[in-house]
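The values are calculated or read from the model by the stated rules, or taken from the named source; none is laboratory data. Because the structure is predicted, anything quoted here is derived from the model rather than measured. As a convention, Cβ positions derive from the backbone with ideal geometry for all residues, glycine included, and neighbour counts pool all protein chains shown.
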Amino acid sequence: MSETPTAVPVRRLGLLLVSVVILALTLTWAFLSMRAVMEVGGSCADGGPYVSAQPCPGGAGFIGIAIPVMILATFVGSFVAISLSAPNLLVPMWTFLFGSLGWNFLEYAITWPGGVDPGWLICGIVFELMALPGLVVIVMSRGAMWTSGKGASSKPDDSGLWWGIYLALGTIGAALGAWSFYSWR
């Protein structure tokens, strides 16, 4: 008996693909807006009844949009992905978010004028440790990422294709994120 491939519902597929692009775009916004704030010392403030000693640089406000939209896109995309037996987006989002923000902390801790900044160094190490379980799950599951709810032993034959699609769309989303960040700040 031969298996007939089932058609992928176009609306769900489109929603998943858009979720991947939005996820990468918002990850890029979070990464770049954090860097903008770290460039001015790691804290800033704008508005309100008080005058801030350090106004926020252009682009700092992107993080206020990026995180909630990223979480929403991740949950919507993961729900749809599981219904399509595609890899979910939650674990990669967790890994890339904490890994990239940890990178920012480590880079700025090491290159800070006057020597290593221990506060940022500790934050960088903690963030990288938070990213590590996600990376372990991705590697250990060999990319299956709970597509069927049965773990790596039931990895679908097309999980490599899905990851290729995610990588291509993620690259587009990151490029759009960088372009929009630098254009609109």
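Residue-wise test of (1) at pLDDT 95 or above; (2) surrounded by 13 or more Cβ atoms within 10 Å (Cβ to Cβ).
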| position | (1), (2) |
| --- | --- |
| Gly99 | yes, yes |
| Leu129 | yes, no |
| Gly134 | no, yes |
| Trp146 | no, yes |
| Gly151 | no, yes |
| Lys155 | no, yes |
Pairs, please: C-beta under 9 Å, at least 6 apart or cross-chain, first residue modelled with pLDDT of 85 or more and in the range 45-70, second basic (Lys, Arg)?
Pro57/Arg185; Gly58/Arg185; Gly59/Arg35; Gly59/Arg185; Ala60/Arg185; Gly61/Arg185; Phe62/Arg185
Output for the range 43-89, where each listed residue is assigned to a helix (DSSP H, G or I), polar (S, T, N, Q) and surrounded by 16 or more Cβ atoms within 10 Å (Cβ to Cβ)
Thr74, Ser78
Regarding the range 51-64, can at least one residue be identified that is under 14 Å from Leu23 (Cβ atoms) and out of contact with any Asp or Glu (no Cβ under 8 Å at 6 or more places or on another chain)?
no
Hits in the range 94-139 (condition: part of a helix (DSSP H, G or I), without any contact (Cβ under 8 Å) to a residue 40 or more places away in the chain, among the small types (Gly, Ala, Ser) and farther than 17 Å from Leu32 by Cα)
Gly119, Ala131
